[in-house]
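Presented below is the structure to which this report refers.
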Amino acid sequence: EELLDGLLGKDATTAPPALLLTGQPGMGLSHFLRKVKVRAQTRGVHAYLERGFRGRSSPPGNYLRCLSAHMGDASEARSRWDAFLSRLGKPRRALQVHSSEGERRLRRAAEVALAAQAVKEPLLLAIDDLQFCDEISLGLTIDLIRFLAERDGGKRPPIGIVASFREEGASIPLLRELVDDLLGAARGELIALRPLGLQETMELYRSHTAR
């Protein structure tokens, strides 16, 4: 609750910009993210809930397309961001084919930074099942969190990220990069949900029946 309040409150730009949740299927991660979206909206924060699906991917970078809707009067930045996302889904040109993956990631990170810096309205992005996102979208999410964490308090764009994931599939290397980066540089928080014990289950039941 306190971490979530930090992302949504008046001091959001001084709190860690990201909250990651992990746990086994059935632990309520999807339900929690839906509640996060509703809570953000009741506070007047623009909130988006995206979801990755096993075996089905959206266009690269599609989860971050919402940034362009909150750039205020920055029409040039909006047009640049939209054009960048459109290019991600197209075949690479000959020059790009010969570029290393490291070079491509640096260019993408620069585009993410320009887009995020142009966001003026409070925005919360929730992503469910991050492990099923395509590699490019996952890389852009990592770049966005890094950029936000590196900005000093008042200079940070009003963007918060909450995401759930499990370590599985081809995305494991990038997910571990995200977790290591998040915890090693104190750029966010990681919460691992576990099954409730008998006493905790009874307390939860009593709290609900008492309402």
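The values are calculated or read from the model by the stated rules, or taken from the named source; none is laboratory data. Fair warning: this is a prediction, and the values are worked out from it, not measured in the lab. As a convention, Cβ positions derive from the backbone with ideal geometry for all residues, glycine included, and neighbour counts pool all protein chains shown. These accessible areas exclude ligands, DNA and RNA; they are computed on the full protein's heavy atoms, side chains included. Shrake-Rupley method; radii C 1.70, N 1.55, O 1.52, S 1.80 Å.
For the range 36-73, the set of residues classified as in contact (Cβ under 8 Å) with a residue 12 or more places away in the chain, under 13 Å from residue 162 (Cβ atoms) and open to solvent by 80 Å² or more (accessible area, probe 1.4 Å) consists of 51 only.
The single condition among (1) small (Gly, Ala, Ser); (2) farther than 24 Å from residue 180 by Cβ; (3) at pLDDT below 90 that residue 69 does not meet is (3).
For the range 39-59, the criterion of being closer than 24 Å to residue 188 by Cβ and among the acidic types (Asp, Glu) is satisfied by at least one residue. Consider the range 8-35 and keep the residues that are at pLDDT below 65 and part of a helix (DSSP H, G or I). The one that is surrounded by the fewest Cβ atoms within 10 Å (Cβ to Cβ) is 14.
Every test in (1) under 26 Å from residue 43 (Cα atoms); (2) modelled with pLDDT of 90 or more is passed by residue 106 save one, and that test is (1).
Flag: residue 79 matches the condition of being among the hydroxyl-bearing types (Ser, Thr, Tyr), at pLDDT 90 or above and open to solvent by 40 Å² or more (accessible area, probe 1.4 Å).
Here the range 85-101 is the region considered, the condition is being of a type in the set (D, E, K, R) and at pLDDT below 80, and the residue that is surrounded by the most Cβ atoms within 10 Å (Cβ to Cβ) is 92. Beta carbons closer than 8 Å, at least 6 apart along the sequence or on distinct chains, pair a first residue in the range 169-181 that is without any contact (Cβ under 8 Å) to a residue 60 or more places away in the chain and open to solvent by 50 Å² or more (accessible area, probe 1.4 Å) with a second that is assigned to a helix (DSSP H, G or I) and of a type in the set (D, E, K, R) for 170/135. Examine the range 109-119 for a residue that is open to solvent by 60 Å² or more (accessible area, probe 1.4 Å), touching a residue at least 12 places away in the same chain (Cβ under 8 Å) and under 20 Å from residue 170 (Cβ atoms), and state whether such a residue exists. No: zero hits. If the condition is being modelled with pLDDT under 85 and of a type in the set (A, V, I, L, M), then the range 157-177 contributes only 170.
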